[in-house]
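Working notes, structure below.
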Amino acid sequence: MKTKIIVLATLLFGCFLANAQNVMQSPEYIKALTADWKGERTADGRPKVSDNLLERLKAITLEEAWAELINLGYFDQFEGNWKLLNENDNYVMTGRAVTAQFMPARTDLENQVIEQGKKEGRMWEQRRTVSWAMTTLVEGDFYVADGYDKQSYGTVVGSNLGNGVWARSHRGAIVYGHIRDTEDLRKIDGFNVWVKGTDPSYMRKTLLTTINAPIRIGSVTVLPGDAVLAKKDGVIFIPAHLVEHIVLTGEVTELFDLFGQQRIKEGKYTAGIIDSKWSDEIKKDFRSWLDTFKGKLPMTRPELDKFLEKRNF
């Protein structure tokens, strides 16, 4: 038995090393990273959170998503203090993360990356790796790049790459670093970038090393396929297997608030009672209220009933 374990460990270690040499991580590696996801996946192995959930996620506040993630043990999923390419008080964007890791250029490492890029069929002739991750995007993807907050000669998004991102994904980009060509980027209707700063220099001392590997964006670890909730006040990266729960929790919280505020105005309950753990009587009243609710439920009633069975009001 001990011998079998050693052999298995050796094989797994060998597979890890083989994957580590790739620029684009393999579907098998991505599936191992995101093993808690049980749903559909994209061709590259990333979790494919549904378009419906991504659309509903837009209505969830940063506070609602963050509070529930903390309850679930995820304490470092929020990054703030961004500059937006296009400022708008109501701006919100969601998508599925495609991750790109950039590092300071180093000749021997760059040579290895270029050689591997050749094997993967990437454009290597001009030794420009900056666009490699962008070319993997599909509709609904969010380009998330760790540019290690480098300023001069490390601008990982310019006008050409920005147009490429938008054309392929119809989403924006999150860059832990700097960008250039902002005047031209603002001309892309619907496009936006969450970025740490701008600089007019072009990238010449920075190297892309991996695509769809775990990366660090500020204080957050981001995995490929994470759902991105990007708003003016910050960005939350949600593990794919938790998105439905986060969305439903936020939606139900909103319904709780509507119900509670209505009953307080009617004088049926006090604010203190509504803010405390609900009695069976209030829970029954809430379900009766749902039957006469005149608004449009964001989820189906069976989804809501199933959620409420497990929810401690």
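The values are calculated or read from the model by the stated rules, or taken from the named source; none is laboratory data. Here the structure is a predicted model, which means the values were calculated and not measured. We place every Cβ from the backbone using ideal geometry, glycine too, and count neighbours over all the protein chains shown.
Here's the yes/no breakdown for (1) in contact with a Ser or Thr (Cβ under 9 Å, 6 or more places away or on another chain); (2) farther than 30 Å from Leu255 by Cα:
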{"position": "Pro47", "(1), (2)": "yes, no"}
{"position": "Leu54", "(1), (2)": "yes, no"}
{"position": "Lys58", "(1), (2)": "yes, no"}
{"position": "Trp66", "(1), (2)": "no, no"}
{"position": "Gly80", "(1), (2)": "no, no"}
{"position": "Leu109", "(1), (2)": "yes, yes"}
{"position": "Tyr153", "(1), (2)": "yes, yes"}
{"position": "Val157", "(1), (2)": "no, yes"}
{"position": "Asn160", "(1), (2)": "yes, yes"}
statement: Residues in the range 129-149 that are surrounded by fewer than 21 Cβ atoms within 10 Å (Cβ to Cβ), part of a loop (DSSP other than H, G, I, E, B) and without any contact (Cβ under 8 Å) to a residue 60 or more places away in the chain total 4
- prompt: What is the one condition in (1) within 30 Å of Arg41 (Cβ to Cβ); (2) modelled with pLDDT under 95; (3) surrounded by 15 or more Cβ atoms within 10 Å (Cβ to Cβ) that Arg301 does not satisfy?
  reply: (3)
task: Determine if the range 247-269 includes at least one residue that is within 26 Å of Tyr176 (Cβ to Cβ) and of a type in the set (A, V, I, L, M).
output: yes
- request: Would you be able to tell me the number of residues in the range 170-205 that are more than 17 Å from the chain's Cα centre (by Cα) and of a type in the set (Val, Ile, Thr)?
  value: 4
statement: Among (1) under 19 Å from the mean Cα position of the chain (by Cα); (2) farther than 25 Å from Ala59 by Cβ, Ile217 falls short only on (2)
task: Among the residues of the range 225-284, write down those that are within 25 Å of the chain's Cα centre (by Cα) and part of a loop (DSSP other than H, G, I, E, B).
output: Gly225, Asp226, Lys232, Asp233, Pro239
message: Looking at the range 87-105, can you tell me whether even one residue there is at pLDDT 90 or above, surrounded by 13 or more Cβ atoms within 10 Å (Cβ to Cβ) and over 23 Å from the mean Cα position of the chain (by Cα)?
response: yes
- prompt: Would you pick out the residues in the range 135-178 that are of a type in the set (Val, Ile, Thr) and closer than 16 Å to Thr99 by Cβ?
  reply: Thr135, Thr136, Val138, Val144, Val156, Val157, Val165, Ile174, Val175
query: Only one residue in Ala18, Ala65, Ala35 is outside the structural domain of Gly218 (by TED's automatic domain parsing), loosely packed, with under 15 Cβ neighbours inside 10 Å, of a type in the set (A, V, I, L, M) and modelled with pLDDT of 95 or more, so which one is that?
result: Ala35
